[in-house]
Amino acid sequence: MVARVRANVEKVIEGKADVVQSTLVVLLAEGHLLIEDVPGVGKTMLSKSLARSIDCSVRRIQFTPDLLPSDVTGVSIFNQNTREFEFRPGGVFANIVVGDEINRASPKTQSALLECMEERQVTVDNTTYELDLPFMVIASQNPIEMEGTYALPEAQRDRFMARVSVGYPVEAAEIAMLGSHTHSNPLDDLEPVTDAAEIAKLIGIVRQVHVAETVQRYAVALTSATRRTEDLTLGASPRATLHLVRAAKAMAAIKGRDYVLPDDVHGLAQTVLAHRLLPSVEASMSGRSTSAVLEGIIASVPVPAPTS
């Protein structure tokens with residue numbers, strides 16, 4: 001089933017197999033995905049192609065400076081006929097929520113997603129509403145240096161399991177895109193290849209994947225190292241460790257294993273951890289990016305011998 005979804009998405013997103021795989025890992029690990037890149041490289045197209053590949057409820061929220069928190073979570077409206085308040089669900093009430101350019105909305109509106117993403121529920125006027133499972137937020141954002149954008153708060157970034165960058169396509173893929181995208185929109189021909197019930201079953205399988213103690217210790221060693229280095233002012237949180245292990249379990253399941261290898265954790269560390277970290281002033285002034293600092297940390301932590 002995962003192979004069918006991957007093939008379906010790759011009909012639209014050509015030449016980006018690693019990005020598509022990371023997206024599926026986050027979906028099966030019950031996480032949320034942040035797609036960061038410059039405009040026009042297919043961030044929204046990736047989100048919509050995954051959403052259309054799964055026969056489930058999908059809502060799209062266009063984050064703009066005038067978007068209100070109630071537009072995201074919903075609002076209680078007084079019904080004159082029944083003389084009671086009625087809850088009108090916001091855009092977050094769906095299995096897959098596609099958030100376009102999340103960092104163009106104000107921090108207050110961005111924060112409306114915090115409870116939804118962590119606890120799969122929404123609280124409005126002291127009433128809590130559960131969100132249907134599976135639930136995944138796929139948010140795109142432009143680099144914060146671009147005009148009219150707000151940096152995501154640290155608490156918001158920490159709730160995204162992984163961050164991926166689509167990047168520019170290779171020449172052959174861009175030429176192929178010109179042939180397939182100029183006559184019609186490939187999204188129009190995309191049909192669902194699975195549904196929410198099947199995704200829920202796969203998520204159940206991922207939960208049962210075994211993680212040996214040595215692998216757990218390796219994940220903790222990686223995140224602990226980010227908290228000790230002087231090159232970072234903010235290291236990875238315990239939630240980051242949990243997300244790293246969950247993502248590794250999903251990767252193992254996709255590869256047909258019922259146990260996690262240290263290499264699964266090692267391969268996902270950059271994608272899962274980098275967006276949560278803040279570089280120190282000294283590191284920034286010396287031109288070292290967060291990814292470069294993290295790369296050095298990952299290389300410094302010994303990878304344990306694989307066990308099952």
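The values are calculated or read from the model by the stated rules, or taken from the named source; none is laboratory data. Because the structure is a prediction, the values reported are computed rather than measured. All Cβ positions, glycine included, derive from the backbone under ideal geometry; neighbour counts span all protein chains shown.
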Those residues of region 40-81 which are at pLDDT below 85 and on the phi > 0 side of the Ramachandran plot amount to G40, G42
Filter region 10-25 down to the residues that are under 16 Å from the mean Cα position of the chain (by Cα) and closer than 22 Å to D55 by Cβ and list them by number. V20, Q21, T23, L24, V25
Scan region 271-285 and tell me whether some residue there is out of contact with any Pro (no Cβ under 9 Å at 6 or more places or on another chain), in a loop (DSSP other than H, G, I, E, B) and farther than 30 Å from L131 by Cα. yes
Which numbered condition trips up A305, out of (1) assigned by TED's automatic domain parsing to the domain that holds T214; (2) farther than 24 Å from Q141 by Cβ? (1)
First in region 279-290 and touching a residue at least 12 places away in the same chain (Cβ under 8 Å), second anywhere and of a type in the set (G, A, S) and assigned to a helix (DSSP H, G or I), Cβ under 7 Å, 6 or more apart: T290/A274
Any idea which residue in region 232-258 is nearest to E30 (Cα to Cα), counting only those that are crowded, with 18+ Cβ neighbours inside 10 Å and charged (D, E, K, R)? R246
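Please go through region 190-240 and give me each residue that is among the hydroxyl-bearing types (S, T, Y), touching a strand residue (DSSP E or B) at 6+ places or on another chain (Cβ under 8 Å) and under 29 Å from V97 (Cα atoms), ordered by number.
Selection gives T194 alone.
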Qualifying positions in region 123-153 - out of contact with any Ser or Thr (no Cβ under 9 Å at 6 or more places or on another chain), outside any strand (DSSP E or B) and either exposed (fewer than 14 other Cβ atoms within 10 Å of the Cβ) or modelled with pLDDT of 85 or more (or both): N126, L131, L133, P134, F135, I144, E145, M146, E147, G148, A151
Please go through region 87-122 and pick out each residue that is touching a helix residue (DSSP H, G or I) at 6+ places or on another chain (Cβ under 6 Å), more than 17 Å from V26 (Cα to Cα) and either assigned to a strand (DSSP E or B) or β-branched (V, I, T) (or both). V92, D100, T109, V122
Could you tell me whether region 42-64 includes any residue that is in a strand (DSSP E or B), touching a His at 6+ places or on another chain (Cβ under 7 Å) and in contact (Cβ under 8 Å) with a residue 24 or more places away in the chain? no
As an exercise: evaluate R239 against (1) in a loop (DSSP other than H, G, I, E, B); (2) closer than 22 Å to T23 by Cα; (3) not small (G, A, S) and give the number of the one condition it does not meet. (1)
Any idea which of (1) closer than 30 Å to N142 by Cβ; (2) β-branched (V, I, T); (3) surrounded by fewer than 19 Cβ atoms within 10 Å (Cβ to Cβ); (4) free of Cβ contacts under 8 Å to residues at least 24 places away in the same chain is the one V220 doesn't satisfy? (1)
